[in-house]
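Report on the following structure.
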Amino acid sequence: MDTIIKISDFKNTAILPRLHEPYYFIVLIDGNATFSLDFNTYTIQGKNILFLSPYQLLNWESTNIKKMNFLQFHGDFYCIEYHKAEVACNGILFNNIYEKPYITIDAIFHTEISTLFNKIREIENTVTNYDQSILRSYLQLILALCSKEKQIENKHLETPGPKSNGLNFKTLLDTDYSASKSVSHYADQYGLSVNAFSKKVKKQYGKTPSKLIQERLILEAKKLLHLTYKSVKEVSVTLGFEDEFYFSRFFKKEVGVSPKTFRDKVGISIVANKSM
């Protein structure tokens, strides 16, 4: 692992990096931009913080940005699953396929996170255990503050009463993703045609059901490769793929690297021993 934690600044945002790395990223953005993340397109304005998990593919389509800062860290340095009791960021900031991958923030919060970025920058290249402990503390504080901000944002977006067009697709998909990969299976559960069901899901989540099914499978595949010692074949069986090689092709097409490369670069988490 060459990089444990690093801050990068992009004041000249005419040329921004295309990201596809085995790191977690926290991207502090001031300005307007349109970008694609795993082939889903988003447009942001003002001050925002974007969160990326290892090997998510980020491409910038258009930007008018004043300043951008990247904080990257490896799972070996800070495991978000191991620290989930202290910082509830997994499934909130990272690895959440059902919500937008960023939070919109005000100037005060932007300054607060910028200050913490600067504190990390001051000691990021040191190697003593003491300094690494401080770096983890700063990172943990950033994650905790952002998780809280995300949950506040979600509460503000909630509307009273039932959603007129809402489907509880998330609960059903989280239960059935390995058993059925067909959109018609899920449409049947609601007594809807595939076309009507797809329109409702797209309106609610901003993605088609087929895209969500694919992303849910990949999310679980990444989890099993990172958090367990299961072989690639065992992972493919767990996810309902009869052919290990078909699973590997599917994973590489969606993620950009093979399951083996993903595990080699991202590593196996310290929590993997608990799942044995």
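Looking for whichever is in the same structural domain as I92 (by TED's automatic domain parsing) and either at pLDDT below 95 or part of a helix (DSSP H, G or I) (or both) here; the options are K150, K163, K181. Which one fits?
Values: K163 fails: in the same structural domain as I92 (by TED's automatic domain parsing); K181 fails: in the same structural domain as I92 (by TED's automatic domain parsing).
Criteria check complete, one pass: K150.
Among the numbered conditions (1) surrounded by fewer than 17 Cβ atoms within 10 Å (Cβ to Cβ); (2) modelled with pLDDT of 95 or more, tell me where E215 comes up short.
The single condition E215 does not satisfy is (1).
Name every residue in region 198-244 that is of a type in the set (G, A, S) and either over 22 Å from the mean Cα position of the chain (by Cα) or not in a loop (DSSP other than H, G, I, E, B) (or both), in order of residue number.
S198, S210, A221, S231, S236, G240 - these are the residues of region 198-244 that are of a type in the set (G, A, S) and either over 22 Å from the mean Cα position of the chain (by Cα) or not in a loop (DSSP other than H, G, I, E, B) (or both).
Looking only at residues that are surrounded by 20 or more Cβ atoms within 10 Å (Cβ to Cβ) and among the hydroxyl-bearing types (S, T, Y) in region 48-99, which one is nearest to the chain's Cα centre (by Cα)?
S53
Which one is modelled with the lowest pLDDT, of the residues in region 100-128 that are in contact with a strand residue (DSSP E or B) (Cβ under 7 Å, 6 or more places away or on another chain) and among the hydrophobic types (A, V, I, L, M, F, W, C)?
Among them, the one singled out is I120.
Listed here are the residues, each with its yes/no results for (1) in a strand (DSSP E or B); (2) within 21 Å of N154 (Cβ to Cβ); (3) of a type outside the set (A, V, I, L, M).
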residue: L50; (1), (2), (3): yes, yes, no
residue: E61; (1), (2), (3): yes, no, yes
residue: Q72; (1), (2), (3): yes, no, yes
residue: G75; (1), (2), (3): no, no, yes
residue: A88; (1), (2), (3): no, yes, no
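Here are F250, F262, F245: which of them is under 17 Å from P22 (Cβ atoms) and either exposed (fewer than 15 other Cβ atoms within 10 Å of the Cβ) or out of contact with any Cys (no Cβ under 7 Å at 6 or more places or on another chain) (or both)?
Selected residue: F262, the only one of F250, F262, F245 that is under 17 Å from P22 (Cβ atoms) and either exposed (fewer than 15 other Cβ atoms within 10 Å of the Cβ) or out of contact with any Cys (no Cβ under 7 Å at 6 or more places or on another chain) (or both).
Which of the residues belonging to region 33-48 are assigned to a strand (DSSP E or B) and polar (S, T, N, Q)?
Hits for region 33-48 are T34, S36, N40, T41, T43, N48.
The values are calculated or read from the model by the stated rules, or taken from the named source; none is laboratory data. As the structure is a prediction and not an experimental result, all values here were calculated from the model. Cβ sites come from the backbone with ideal geometry, for glycine too, and all protein chains shown count toward neighbours.
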